[in-house]
Each structure stands twice: as structure tokens, then as C-alpha cells.
Amino acid sequence: MDKSGVFDPVRLSFRETHLMVPCQCIRFRKNGVEFASEEPFDLWTEVVLDLHSPDDGRRVHGAGVVVECKGQGNGKHWISVLLMGLSNSAASHLAQLASGTQLV
């Protein structure tokens, strides 16, 4: 009889969170975004982002993972998300936003 625990059940939990984040609470990076949240996110949480620029109406849609969550001591957390599999146009637009050549 196996007593290693390798066949024990594994508990998985998922949560679905929808956030509307004001522009002033988002930092754009060439490969992702950082944003402020009142709730912490677990590392490696998969996320789907829809970014909409109020200036020109362009959208960036992408999936990624949480790679960092820093508590700020004021009840807020900075969440860093690495985006993956962006289209060339979405990656280009994100790079423009990150360089500050275009405001959101």
C-alpha cells in the first residue's frame, strides 16, 4: 500500500475577478502591465486583460500570468502581469504605451 501521498486528492481553487482600473493606476511595460488592486493576487494566476485607450479607441486584448504582487502597506497591492501571445499590432501598441509616446 502506497503511503507517499502521491495519490491523495489535490484541492484546486479558482476565482473570477473583474476589475475596472483607472488609467492613473496602470503602468505599461513592453511585455505586460502593472496595476493597483485592493485585493492581492496569487503568483502564477492566469488573467485575461482588455485594455481600452480612451484617446484613440484602440484595444489590447491579451492573456498572461501574475508574476509579482507587492503589498504597499496602505491596503493596496501592485500586481505585475506578464502578457503572452500578443498579436504583433497589440505588442506594438503596448510598447508605444510603455515608452510614453502615447497616453492612455
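The values are calculated or read from the model by the stated rules, or taken from the named source; none is laboratory data. Bear in mind the structure is a predicted one, so any value in this text is a computation, not a measurement. Positions of Cβ are backbone-derived with ideal geometry, glycine not excepted, and every protein chain shown enters the neighbour counts.
Some points to look at:
- Yes/no for residue 91 being farther than 21 Å from residue 19 by Cβ and surrounded by 15 or more Cβ atoms within 10 Å (Cβ to Cβ): yes
- None of 85, 57 is over 17 Å from the mean Cα position of the chain (by Cα) and exposed (fewer than 15 other Cβ atoms within 10 Å of the Cβ) except 57.
- Residues (in a strand (DSSP E or B), closer than 20 Å to residue 22 by Cα and in contact with a Phe, Trp or Tyr (Cβ under 7 Å, 6 or more places away or on another chain)) located in region 61-88: 66, 69, 70, 79
- Among the conditions (1) in contact with a Leu (Cβ under 8 Å, 6 or more places away or on another chain); (2) modelled with pLDDT of 90 or more, the only one that residue 59 does not satisfy is (2).
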